[in-house]
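What follows draws every value from the coordinates through simple rules; no lab data is involved. Keep in mind the model is a prediction, meaning the values are calculated, not measured. Quick reminder, even Gly has a Cβ in these numbers, built from the backbone with ideal geometry, and neighbours come from all protein chains shown.
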Amino acid sequence: KDDSLYKAMQQRGRSFIGTAVTLRNESRETEIINQEFNSMTPENAMKWESTEPSRGNFTFEDADRHVAFARKNKLQIHCHTLVWHSQLPLWVSNGNFTNATLIQVMEDHIKALATRWKGACTRWDVVNEALNENGTYRESVWLNTIGEAYIPIAFRLAKKYDNKAKLFYNDYNLEFNAEKTAGAARIVKLIQSYGVKIDGVGYQGHVTSEDTPTAPAPAPEQKVLEAALRATADLGVDVAYTEIDVRLNTPVTAASEAAQVATWQRMAASCLAVKKCIGMTVWGISDKYSWIPGVFAGEGSALLWDEKYEKKPSYAGFLKGI
Ligand code: XIL
């Protein structure tokens, strides 16, 4: 097998292996990207707080640098994200907008971003994390002001301003929580019932491979992962893992690492087992910059390269699953 994640994936007839990217002064990252990846997701640069910090004030320098980096290195771009409750400036979430005005705010934002990177974005995460764990809609300024219609409206607007990108709904825990997966399937049907296009569902894939304080459950089994992917793929859309990391309680032990390697392999194998699974993105390169330790206290070691950019055993596990 090729010693390159994306080449192995392409040999299997799938489209991409990607990584989240925050541009920084680390030449090893560019080398690894060129060797291993053919897709990138800007980790933060395209989020609302980064691109429209106050109404009508669009700040695209950082996102543009990420787009230029992708072009230079011939990477697909998984553009992330248009409508989300998080990393959303207070002028939106506390703006006391009416239904009509908030839809206008949404249109102005989607229009600005989608037109700017039309042709550059291979895929767009149009709506991110709209669901609670039990599959109901999450409270947010979007839901509270517009109702569930905000989701199909966002997709209609994304298509209006970028008819080339594949349009995705994206969320976490979909890969193992059946109630939430059913919620995602309802979202696909809701969008379709409006006569609007949705091309795919992104399964973030922020998983664990042992009990942790934030995930009191063992690692998802292969048949659970596959069933979760099929629950939306069977509705006629593509699926992908969009933000994979496999976090562990730290410090790591030999046994916990072995379970982690097996989990990386199962994640990959589940995608390959489902025809409509077009690719997988991992949420960063080196543990040095992973978001996990900052958000999940006492957990970490979640990526495929260690803090010194050495490949970890999980790399071989992931490649084996492809
Ligand atoms: C995370 C980034 O990795 C962090 O740098 C940032 O501080 C918070 O957001 N779901 C998503 C991603 O859709 O955008 C999040 O990224 C991780 C969870």
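Brief remarks on what is shown
- Taking label points 7 Å from Cα along the Cα-to-Cβ direction, Asn134 and Ala100 give a separation of 3.6 nm.
- Set of aspartates and glutamates near Lys288 by C-alpha distance (under 19 Å), chain-local residues within fewer than 8 positions excluded: Glu26, Glu29, Glu31, Glu36, Glu43, Glu243, Asp245, Glu257, Glu299, Asp306, Glu307, Glu310
- Ellipticity estimate at 222 nm from DSSP helix runs (n ≥ 4, -39,500 (n - 2.57)) divided over the chain, nearest 500: -12500 deg cm²/dmol
- Note on the chain: dipole from Cβ charges, positive end direction compared against Asn44, Gly279, Leu90; the farthest Cα belongs to Gly279.
- A Cβ-based charge dipole, computed about the Cα centre of the stretch 1-146 with Lys and Arg at +1 and Asp and Glu at -1, lands at about 560 debye.
- Were the residues from Asp3 through Lys275 laid out at 0.36 nm apart, the gain over their Cα-Cα distance would be 95.6 nm.
- Using only side-chain charges placed at the Cβ, +1 for Lys and Arg and -1 for Asp and Glu, the dipole size of the chain relative to its Cα centre rounds to 1280 debye.
- Helix axis angle, 150-161 relative to the chain longest principal axis, alpha carbon, degrees: 90 degrees
- Axis of helix 178-193 versus longest Cα principal axis of the chain: the two differ by about 40°, to the nearest ten degrees.
- Mean Cβ neighbour count within 10 Å, used as a protection proxy, ranking 105-114, 291-300, 124-133 highest first: 124-133, 105-114, 291-300
- This model, with +1 at the C-beta of Lys and Arg and -1 at the C-beta of Asp and Glu, gives the stretch 1-75 a dipole about its Cα centre of some 340 debye.
- Stretching the chain fully between Glu49 and Lys197 yields a gain of 50.6 nm (0.36 nm per residue, less the alpha carbon separation).
- Peptide packing: for 79-89, 206-216, 58-68, the average count of neighbouring Cβ atoms within 10 Å per residue gives the ranking 79-89, 206-216, 58-68, highest mean first.
- Amide H to amide H, with H built 1.01 Å from N, Asp245 comes under 5 Å of His206, Val207, Trp283, counting only residues 5 or more places away or on other chains.
- Within straight-line reach of Lys223, meaning a Cα separation under 18 Å, sit the following lysines at least 8 residues removed in sequence or on another chain: Lys180, Lys275, Lys276, Lys320.
- Nearest-ten-degree value, helix 254-273 long axis tilted from longest Cα axis of the chain: 60 degrees
- Less than 5 angstrom separates the built amide H of Leu131 from those of Arg138, all sequence-distant by 5 or more or on a different chain.
- Between Lys189 and Glu61, the contour length at 0.36 nm per residue exceeds the Cα-Cα span by 42.4 nm.
- With a simple spin-label model that places each label point 7 Å from the Cα along the Cα-to-Cβ direction, the separation between Ala178 and Glu310 comes to 4.3 nm.
- Reducing the stretch 46-88 and the stretch 257-307 to their Cα centroids gives an inter-centroid distance of 23 Å.
- Phi angles of the stretch 64-81 translate, via the Karplus equation with coefficients 6.51, -1.76, 1.60 and θ = phi - 60°, into HN-Hα couplings of 4, 4, 5, 5, 5, 4, 5, 4, 4, 9, 6, 9, 4, 10, 9, 6, 8, 8 Hz per residue; Gly and Pro are given as x.
- Cα-based shape type of the stretch 36-189, given that a ≥ b ≥ c are square roots of the gyration tensor eigenvalues and the cut on a/c is 1.5: oblate
- Pair Ala112, Arg28: separation of 7 Å Cα→Cβ label points (nm): 3.7 nm
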